[in-house]
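Everything on this sheet refers to the single structure shown next.
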Amino acid sequence: MTATTDTILRGDATVLFPIKGTAPVATGEGVVDDITFRTIEIDALFDFANHARTRVGQAVLYRSLVRPEDAFEKVAAKQEALRELEQNKELLQSVTRLVQRAAQWEGDFYQLLYASFIGLMGKPANEQELGGYGYDTYQRGIRFLLGLAEDAAALPAPKSAYLKDILAAVDRFAKSRAGALMRGPVYRTEKTVVTKQEKGLFTPALKFTPTLFKPVALSLAAVAIVVLVNVLPLLLDIVETIMPALWLFLLPVALTYTPIVGSFDRDGCIYPLRDIYRRSPEVQEAVDALGRLDELLSFRNYAEAYGPPMVLPTLLEGPSHRFSMKGARNPILGKNNRYYVPNDAALDGHCLTFITGPNSGGKTAFCKTVAQIQLLAQAGGYVPAASAELTVADRIFYQTPEMSALSDGEGRFGTELKRTKAIFLATSASSLVVLDELSEGTTTQEKLEISANILEGFHKKGNNTLLITHNHELVDVFQEQNIGLALQVEFAKERATHRLVPGISRVSHAHHVARKIGFAKEDIAKYLEEKGI
């Protein structure tokens, strides 16, 4: 199913789930850890990719990005489902209608699960309180899943295993006890709520009808009155005699009918039923199944809305990580941006890739593009490129320079080295690692030596490691051994083209940048002169 076995809807929850409720895992426990999550801007990536119509669809998409799949078979299964929807227009239209209909009723179901019903006289104090006894919310809420099951059963039979698995989850709900209770009839026994099959022939029970108007009870009362009038006429004289006192008795009964019946149905039927639905694994899986369907449609919709070409990457198998793309754009920066400069990359068999060049040339944007495309691919979606081939990474790491905390005795160098060590220990040959500089906070010679040792370790592990660096001497060390691929930012007339080309940048544009922002040597001298210093 997914990299995490948790469903979005949880049986122990007492409030509605947040859309961005999935948290990244600790380093080494999943594909993306907390620091990488923040660095490659997964929240922004989600906002770019989110075209889901349902709340659970958005939550499932977010979960897929925060905790992407790490198995080839699972990513391939999602891709197979997307291709089937592309090719089978009837199925696509039916799934779209299903999701649209579910989106209309979804909120009612969550209100049923989590709202408090405070009666007719109470005043709601917050969004989780609703007036009334829950009758209307109950009827609208169960319509959500009953409608989902009905629409899923009417879909054209899919061929892909992923879509079959989704529909099987909805079918399990339809056949479950929770599904039977939603369809009704429901009976309230002395201890609990049961289906007609569970009640037994001689078990005393009241049939639950989600309305204050109880036809059976009122009909029995009317019949009783007719019988009393026709069979026992003498009672009329008695009734006439005691009528003034009888009204004093009947009026309070009439006034208390609504709160008595409403409270009984709410506390004895609606609340117990919604607790059953909330804790039902079949309900949780059915809601998740809707989210997974909506996620597939979201992938299609964002691919159509992006503008430039989007493709499903070709998945490769093998013992080490490989990544190749042509005409790739950054998912966030390249959306509907006709001025964005695409790049190619062939990280296949090099293990180490060195990216050099001045600041603001596109080094970081390129590396984030690689990491974000890898992540989108493992979520099962389309990527912004003319073509892309990659293996499924067991880990995606992105390290940037960090400032040390006051409590950290090792300083900046030690803080960064701890992070690098954690990444190194957690990686395998199937990992993708991006390092934005290494060994900051130490001398130039020590930086060169320690960085070389670290990179040699990553090279021996065999994973794809990208290093952003201004240290061309470090790149020379490995190029002299014919190790790794060297890319540099292309410049034309001191202006970055934002293309990466083969080679090592040995020219600093620091003075150009300083002049651009007005803080070059001459700017400082002018400032001091103006102040008379």
Margin query: With θ taken as phi - 60° and the coefficients 6.51, -1.76 and 1.60, list the Karplus ³J(HN,Hα) couplings across the stretch 174-187 in order, rounded to whole Hz; mark glycine and proline as x.
Written below: 4, 9, 7, 5, 4, x, 5, 5, 5, 6, x, x, 10, 10
Check: So how many Å³ per residue does the convex hull of the Cα atoms of the chain work out to?
Finding: 238 Å³
Next item on the list: Compute the FRET efficiency between Gln139 and Val341 as 1/(1 + (r/R0)^6), taking r as their Cβ-Cβ distance and R0 = 60 Å, and round to the nearest 0.05.
Entry: 0.60
Check: Which loop-located chymotrypsin sites (Phe, Trp or Tyr not before Pro) does the stretch 310-400 contain, where loop means any DSSP state but H, G, I, E or B and the Cβ has at most 10 other Cβ atoms within 10 Å?
Finding: Tyr339
Notebook entry, point to check: Cα centroid distance between the stretch 348-366 and the stretch 125-166, in Å?
Noted result: 48 Å
Note to self: What are the extents of the Cα atoms of the stretch 307-530 along their three principal axes, in Å, largest first?
What the structure shows: 63, 44, 38
Next item on the list: Using amide H atoms built 1.01 Å from N in the peptide plane, name the residues 5+ places from Leu352, or on other chains, whose amide H lies under 5 Å from its own.
Entry: Thr465, Gly484, Leu485
Notebook entry, point to check: lysines near Lys526 by alpha-carbon distance under 22 Å, same-chain residues fewer than 8 away left out - which ones?
Noted result: Lys516
Next item on the list: Report the calculated FRET efficiency for Ala161 and Arg506 (r = Cβ-Cβ distance, R0 = 41 Å), to the nearest 0.05.
Entry: 0.20
Notebook entry, point to check: Among the DSSP beta bridges whose two residues both lie in the chain, what percent are antiparallel, rounded to the nearest 5?
Noted result: 45 percent
Checklist line | Cα-centred dipole magnitude for the chain, charges only on beta-carbon of K, R (+1) and D, E (-1), debye, nearest 20 | finding: 1060 debye
Next item on the list: Rank-order 22-29, 143-150 by packing density, defined as the average count of other C-beta atoms within 10 Å over each peptide's residues, highest first.
Entry: 143-150, 22-29
Margin query: Could you work out [θ]222 nm for the chain from helices alone, using -39500 (n - 2.57) per DSSP H run of at least four and dividing by all its residues? Round to the nearest 500 deg cm²/dmol.
Written below: -16500 deg cm²/dmol
Checklist line | Cross-link reach list, lysines versus Lys74, counting only Cα pairs under 21 Å and skipping chain neighbours closer than eight places | finding: Lys159, Lys164
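Can you work out the FRET efficiency for the pair Thr258 and Ala26, with r the C-beta to C-beta distance and R0 = 45 Å, to the nearest 0.05?
Computed FRET efficiency for Thr258 and Ala26 comes out at 0.25.
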Check: Between Ser360 and Tyr114, what is the spin-label point distance in nm, taking each point 7 Å from the Cα along the Cα→C-beta axis?
Finding: 4.5 nm
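Above 19 angstrom, tally the Cα pairs of the stretch 272-424 and express them as a % of all pairs, no decimals. Intermediate values should be presented prior to the final figure.
Values: 7646 of 11628 pairs.
Value for the stretch 272-424 (Cα pairs over 19 Å): 66 percent.
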Item checked: Exceeding the 21 Å Cα-Cα cut-off - candidates Lys421/Lys447; Lys20/Lys418; Lys363/Lys460 -> Lys20/Lys418; Lys363/Lys460
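Rule-based calculations on the coordinates, nothing more; no lab input. Because the structure is predicted, anything quoted here is derived from the model rather than measured. Every residue, glycine among them, receives a Cβ derived from its backbone with ideal geometry; neighbour counts consider all protein chains shown.
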